[in-house]
Amino acid sequence: MKPDTIICPSYNCKPGSQLLGIRQDNGIVAILPQPLPVDEQFIETTKHHEMPVQQRFRFTNKCISTGCGQWNGTGCGVVENVMQYIDQIPDIAGELHPCGIRSQCRWYLQRKSDACKICPYVLYQVTEEDVLEMQKT
Ligand code: SF4
């Protein structure tokens, strides 16, 4: 796959990004079957909420690889870091949930189905404590 076609599944909220997931009441992110466009009106509407927009939604955009602070030299460091929790994530029986960016997703390309298993537990700027807390719900 050409590097410039790979997509980041945890980008920040800005024009040009797309909405990938919505945090549910239990803190787990529901990944949309197809991402939705993010426009100025969405950004304006959501920024007035008491909880930061990136803790309520997940966004996707082009992976900028070496231009990103999370790049670890060979891949995305975010998905590698959260892999330490993979054994604590409930097993998914059957097929993976639908995801419109899977064929181009940086995390999936690195970690295949394990990435999709842990993906709904990841929020942009989430802390490790948050991940552990979500396991209790
Ligand atoms: S890790 Fe899996 S579920 Fe998450 S965005 Fe990538 S392909 Fe979709």
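Would you mind checking which residues have amide H under 5 Å from residue 11's amide H? H placed 1.01 Å from N; only 5 or more apart, or other chain.
59, 60, 61
Might you list the cysteines of the chain that have no disulfide-compatible partner by the rule of another cysteine's Cβ under 4.7 Å?
Cys with no partner Cβ under 4.7 Å: 13, 68, 76, 99, 105, 116, 119.
So the label point goes 7 Å from the Cα of residue 2 along Cα→C-beta, right? Which residues of region 59-86 then have their backbone N under 18 Å from it?
61-66, by backbone N distance to the label point.
How do 2, 62, 112 rank when sorted from fewest to most other Cβ atoms within 10 Å of their own Cβ?
On the way: 2 6, 62 15, 112 12.
Fewest-to-most Cβ neighbours within 10 Å comes out as 2, 112, 62.
Take the alpha-carbon centre of region 39-64, take the same for region 69-122, and report the distance between them in whole Å.
Between the Cα centre of region 39-64 and that of region 69-122, the gap is 21 Å.
For a Förster distance of 25 Å, can you work out the FRET efficiency between the beta-carbons of residue 41 and residue 68, rounded to the nearest 0.05?
0.40
For a quick check: sort 71, 107 by the number of other beta carbons within 10 angstrom, fewest at the front. Numbers along the way, then the final one.
Numbers: 71 15, 107 27.
With the fewest neighbours first, 71, 107 line up as 71, 107.
Among 74, 66, 46, which one shows the highest mean-square fluctuation when the chain is modelled as a Gaussian network with alpha-carbon springs under 10 Å?
Per the Cα network of the chain with a 10 Å cutoff, 74 tops the list.
Throughout, read-outs are computed from the coordinates displayed, never taken from laboratory work. Keep in mind it's a predicted model, so treat the numbers as computed, not measured. Virtual Cβ from ideal backbone geometry, glycine too; neighbours counted across all protein chains shown.
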